[in-house]
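Trainee: Let me give you the structure first, and then I'll get to my questions.
The values are calculated or read from the model by the stated rules, or taken from the named source; none is laboratory data. Just so we're clear, the structure is a prediction, and the values are computed from it rather than from any experiment. All Cβ positions, even for glycine, are placed from backbone atoms using ideal geometry, and neighbour counts span all protein chains on display.
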Amino acid sequence: MSVKIYIPGDSGAVALGADRLAVRMAEALKARDLDAEIVRNGSRGLYWLEPMIEVETEKGRVAYGPVKASDVDSLIEAGLLDGGDHPLSLGAPQELPFLKRQTRLTFARCGITDPLSLEDYRDHGGLTGLTNAIAMAPEAIVAQVTESGLRGRGGAGFPTGIKWKTVLGAEGEQKYIVCNADEGDSGTFADRMIMEGDPFVLIEGMVIAGIAVGATKGYVYLRSEYPHAIRVMNRAVEIAREAGILGNSVLGSDHAFDMDIRVGAGAYVCGEETALLESLEGRRGVVRAKPPLPAHKGFLGRPTVINNVISLASVPVIMDKGADFYRDFGMGRSRGTIPVQIAGNVKHGGLFEAAFGMTLGELVDDIAGGTASGRPVKAVQVGGPLGAYFPRELFDTPFDYEAFAAKDGLIGHAGIVVFDDTADMLKQARFAFEFCAVESCGKCTPCRIGSTRGVEVADKIRAGIEPESQITLMTDLCNTMKFGSLCALGGFTPYPVMSALTHFPEDFRPAPMSQAAE
Amino acid sequence: MESRSADTDIASRTEAIVGRLKPLEGPLLPILRDIQREFGYVPQASLPVIANGLNLSRAEVHGVVSFYHDYREAPAGRHVIKLCRAEACQSMGGDELAERLLGLLGLDWHETGADRKVTIEPVYCLGLCACAPAAMVDGEVIGRLDAEMVDQLAKAVQA
C-alpha cells in the first residue's frame, strides 16, 4: 500500500505556497519512483506552521512544517516516507501543544481527513448523527439540540434549538434551511476552514436541520471572497447527492432534502440574516425590519431556519454523542465549545477550539504566544469589525457570551485580532466608521449618515480642531447609531469606536505640536 | 453600426444565461455572476434582457447591480489585485503595504491603469487573517505579504 502524504489544500496553506509544494512533491516522488499518494487535506489550523505536511507511518502521523517547495528534496532524503528526522520535523501533530490543549468537537476531522472522501468521513464518525436523527421524531431532534445549549455561532448567540422549534411549529408547504456562510468579519476564518476542510459535516448538519423542522431544501450563502470553499462545497454537494445523503430519500429514509450553494457578491451587510435573505432572493442586500422573523417569513416569505456555518456544523456531534456530552463543556449559559480564531499580529495564529471559559489573556499571551512583532500587546479586537477593542486590563475576561457583554464587548464569531503598541486607536475608530460607511445598506439613517459623519469627526480630532467637543459629538453619535440603527452594522459600529475611546483616551488627544511637525 | 452589433451579441449571450438560470429560486445573483464571468463585467446592454427575462423593471436590475461591490461596469485590467484592508491585515502593516503598492502602480483604489494592465481593488477580509497581510491576485491567494513581495508583484503585473 502506498504511503499517504498530506499537504493541505486549505486556502490559508495555499496562500503560503502549499500548491507549489504539492506540485514539487509529486515531481520529486515520480523522479525517484517512490510509491506515495498525495492527499490534499484541510488545515489543522496552525498557520504559523503552514504549509504543514503529514506522513502516515506505522507509528502514526508525523508532521513537518513550515515546508517550502525547496525543502522537498532534503525531506525525501531524510526519509520522509518513514517519518525520518529533519530540521522541520514536528513529531506527532496531535502532541503539538497548540493542538493538544484543544477540545475539537466541531473541528474533529478538519485537517485529518481528505475533505472530499466520504469513506474518510464515515471512518471518522461522520453520518452517525444523521443516522440517529433519522430514527427520531422531529420534536425529539429539536429537543436534543435545545438541551445541548448550542447558541448561534455567527455572533448573535441565539439558542439554535429555540429557532428550530419556531420553524417546526410554523405553518408552510415549503420550509428552508439557509446557512449563513457570509463570513465577512476580519479575524474570522472558522467557516472557511470547515467548508474547505470538512464540508460533509456542514451538509450533515443541514440535513439534520431539515429533518428536524420539516424543510426539504437548503441553501448555503457563501461569500465570493472564498473561491476555494465554493469549489469544495459544490463538489461535496455533488458527492453527497450521488451517495444518497441528499435527495428524495436521505440515507434510504422517507425524508427528502436537497441543497445548493449560492455565491454572494461582495457585500458585508449580507452577513446580516435578513439582508442575506433579500440577496438570496435576488435583490439589493437591504435589511428587513423584524418582525416578521425569518422563522415565520424567511426565504421567499416561507418559514426558514437561518444558521451560521459553525452552528450547523456542530449539530452532527450533538446528535452523535448526545446533548449532555456537548452541554458538559463550557461555562454559564455558554455551553459546548467555541472555535476561536487567533489572528493579526500574533506569533501563533490559527484555529483554537475549546470549551467556553478560557480567558482572553490565556488565548493571547499563552496560546498565541504574544505578538509576531515581539512588541507589547496594546489592544485585541474581539468579534470582528463590529467588536470591541480590549486593553490588557480586561484580559481576565472569560470567553462567554454574557461575560463579554458585561464588559461592553461581544464574542461575535469568535475572531480575535491582536495589535501591538504601534496601533493608533483613533485610526482604528475612524476605520470602524469608514467600514460602516462603505458597507451600509443605506436603509436606516443612523448607519448611512452617521458612519460618514463619524469619519469626519475622527478627522477633526486628528487635526486638533476642538477635540474635546468632537469627542462629545462622537460619543453622542455612537449613542444614536447604537439605539437607532436597524441592524448590527450601524448598531454595533459604536463598539469598536467607544471601546477605543474609553480604553485608549490618550490616542484621541494627539499633541498638536507633534501633529504640526509631521 | 459596430456597437449595435456588439450590443446584439451581448443581448443574445445574456439571453442564453437568463434562460438557463431562470428556473432557480432567486435567480438574479446567479445570473449576474455568470454574466460577469462571460463578459468580465456587467454590460449595460445586458440589463434590459435580464429585466425582460425575469419580469423586473430595468431600474430594479440596475439597483441590484450597483449595490454589490463585485459587479463591474467596465472590464477590469489584465491583472486584478485585491488587497485586504481589514483589521487583521492592518495589525500586520497592511496599510503601509497598500500605500506602497498604490504608489508603485500610480493608481488609487478601484482604478485601472491607462494601459489596462492592472486593476487594484480593496477587499475586506479574505479569511487569511492568521497569515496577514493577504491579497488575491488573479484569483490566487497570497499570505504574509511584505515590501519585497509587493515590489515583485508591482513589477510582475506591469510587465
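Trainee: So is A:S311 in contact with a Phe, Trp or Tyr (Cβ under 7 Å, 6 or more places away or on another chain) and either away from chain B (no Cβ under 14 Å) or crowded, with 21+ Cβ neighbours inside 10 Å (or both) or not?
Mentor: Criteria not met by A:S311.
Trainee: Output the number of residues of the range A:143-163 satisfying the condition of being among the small types (G, A, S), outside any loop (DSSP other than H, G, I, E, B) and under 23 Å from A:A488 (Cα atoms).
Mentor: So the answer is 1.
Trainee: Filter the helices (runs of 4 or more DSSP H) completely within the range A:419-518 down to those with at least 3 residues that are within 14 Å of chain B (Cβ to nearest Cβ).
Mentor: Once the helices (runs of 4 or more DSSP H) in the range A:419-518 are filtered for at least 3 residues that are within 14 Å of chain B (Cβ to nearest Cβ), what remains is A:425-439, A:494-503.
Trainee: Out of all the residues in the range B:134-152, which are in contact with a strand residue (DSSP E or B) (Cβ under 9 Å, 6 or more places away or on another chain) and under 19 Å from A:P227 (Cβ atoms)?
Mentor: B:A134, B:A135, B:M136, B:V137, B:D138, B:G139, B:V141, B:I142, B:G143, B:L145
Trainee: Under 6 Å by Cβ, and 6 or more places apart or on different chains, what pairs join a residue from the range A:132-147 that is in contact (Cβ under 8 Å) with a residue 40 or more places away in the chain with one that is of a type in the set (S, T, Y)?
Mentor: Cβ pairs passing all conditions: A:I134/A:S253; A:V145/A:T160.
Trainee: Take B:A130 and decide whether it is modelled with pLDDT of 95 or more, buried (at least 23 other Cβ atoms within 10 Å of the Cβ) and more than 20 Å from B:F39 (Cα to Cα).
Mentor: yes
Trainee: If you don't mind, another one. Return the total of residues in the range B:1-53 being touching a Pro at 6+ places or on another chain (Cβ under 7 Å), part of a loop (DSSP other than H, G, I, E, B), of a type outside the set (F, W, Y) and within 14 Å of chain A (Cβ to nearest Cβ).
Mentor: 1
Trainee: Would you mind stating whether B:G106 is out of contact with any Leu (no Cβ under 6 Å at 6 or more places or on another chain) and surrounded by fewer than 18 Cβ atoms within 10 Å (Cβ to Cβ)?
Mentor: So B:G106 passes the test.
Trainee: Since A:K347 meets every condition but one in (1) within 21 Å of the chain's Cα centre (by Cα); (2) away from chain B (no Cβ under 14 Å), which condition does it not meet?
Mentor: (2)
Trainee: In addition: Scan the range A:323-349 for residues that are more than 15 Å from A:M193 (Cβ to Cβ) and small (G, A, S) and jot them down.
Mentor: Listed by number, the residues that qualify are A:A323, A:G330, A:G332, A:S334, A:G336, A:G344.
Trainee: Hey, another quick one. Please count how many residues of the range A:105-126 are over 22 Å from A:V14 (Cβ atoms) and either among the basic types (K, R) or surrounded by fewer than 20 Cβ atoms within 10 Å (Cβ to Cβ) (or both).
Mentor: 7
Trainee: Any idea which residue in the range A:325-334 is farthest from the other protein chains (Cβ to nearest Cβ), counting only those that are touching an Asp or Glu at 6+ places or on another chain (Cβ under 7 Å) and not in a strand (DSSP E or B)?
Mentor: Once the filter is applied, the top-ranked residue is A:R327.
Trainee: For the range A:261-276, does any single residue satisfy the condition of being without any contact (Cβ under 8 Å) to a residue 60 or more places away in the chain, touching a Phe, Trp or Tyr at 6+ places or on another chain (Cβ under 7 Å) and over 21 Å from A:E196 (Cα atoms)?
Mentor: Checked the range A:261-276: no residue is without any contact (Cβ under 8 Å) to a residue 60 or more places away in the chain, touching a Phe, Trp or Tyr at 6+ places or on another chain (Cβ under 7 Å) and over 21 Å from A:E196 (Cα atoms).
Trainee: Given (1) over 23 Å from the mean Cα position of the chain (by Cα); (2) more than 9 Å from chain B (Cβ to nearest Cβ), identify the lone condition not met by A:I318.
Mentor: (1)
Trainee: Can you tell me which residue within the range A:456-470, out of those that are among the β-branched types (V, I, T) and buried (at least 17 other Cβ atoms within 10 Å of the Cβ), is nearest to A:M425 (Cα to Cα)?
Mentor: A:I461
Trainee: A follow-up question, please. Report whether or not A:S74 is polar (S, T, N, Q), under 31 Å from the mean Cα position of the chain (by Cα) and more than 14 Å from chain B (Cβ to nearest Cβ).
Mentor: So A:S74 fails the test.
Trainee: Then there is this: Hey, among the residues in the range A:274-299 that are crowded, with 24+ Cβ neighbours inside 10 Å and at the interface with another protein chain (Cβ under 7 Å from one of its Cβ atoms), which one's farthest from A:L168 (Cα to Cα)?
Mentor: Step by step, filter the range A:274-299, then rank; the result is A:G285.
Trainee: Show me the strands (runs of 3 or more DSSP E) entirely contained within the range A:348-396 in which 3 or more residues are more than 23 Å from A:G154 (Cβ to Cβ).
Mentor: Those strands (runs of 3 or more DSSP E) span A:377-382.
Trainee: Further, regarding this structure: Tell me, yes or no, whether the range A:350-365 has at least one residue that is crowded, with 18+ Cβ neighbours inside 10 Å, among the β-branched types (V, I, T) and either on the phi > 0 side of the Ramachandran plot or within 12 Å of chain B (Cβ to nearest Cβ) (or both).
Mentor: No - not one qualifying residue is present in the range A:350-365.
Trainee: Out of the residues in the range B:108-159 meeting the condition of being more than 16 Å from the chain's Cα centre (by Cα), part of a loop (DSSP other than H, G, I, E, B) and among the hydrophobic types (A, V, I, L, M, F, W, C), tell me which one is farthest from the other protein chains (Cβ to nearest Cβ).
Mentor: In this case the residue turns out to be B:A114.
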